[in-house]
Amino acid sequence: MLVMRPYPLSSVWTIVPRQDTIASLEVYDEQQNTTTNITSQVTSITYDSGTATINLATNFGSFEPKEGFFYVLYCRDVTGNSVYRTRVYCTNQTNFYDYTLNQGQYIEQPSADTEYIVL
């Protein structure tokens, strides 16, 4: 899952696409049930060792991300095939890089008395 800053703040995403060619980016708004092409809002895409870093401009044109909304990002190659897809959450929190979906390890809590009375 990626994190997007709300309008008018810019965002930077680092992803691992299936190939090193991203021709278009689309964002699907789950609340509005609409898809918007945001390729024109990308200021740069740099490729390095299988990763792609996408810089988004502050001017999103017709697409203005709203805080608390979920979106789906589709990255497509020149033939329209999907090379990357993920969910995006829009938040204005400043510490959103400190949290991930699978950060840390599961810690088993010590259980209380697990004895059962059998009648």
List the residues whose amide H sits under 5 Å from the amide H of V3, counting only those 5 or more places along or on another chain, with H placed 1.01 Å from N in the peptide plane.
Y89
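When Lys and Arg each count +1 and Asp and Glu each count -1, what net charge do the other residues less than 14 Å away from V72, Cβ to Cβ, add up to? Spell out each step's value before the answer.
On the way: positive: R76, R85, R87; negative: E26, D29, E30.
Local charge sum for V72: 0.
Every number in this text was worked out from the coordinates using simple rules, so none of it is lab data. Quantities reported herein were computed from a predicted structural model and do not represent experimental measurements. FYI the Cβ positions are ideal-geometry reconstructions off the backbone, even for glycines, and counts take in every protein chain you see.
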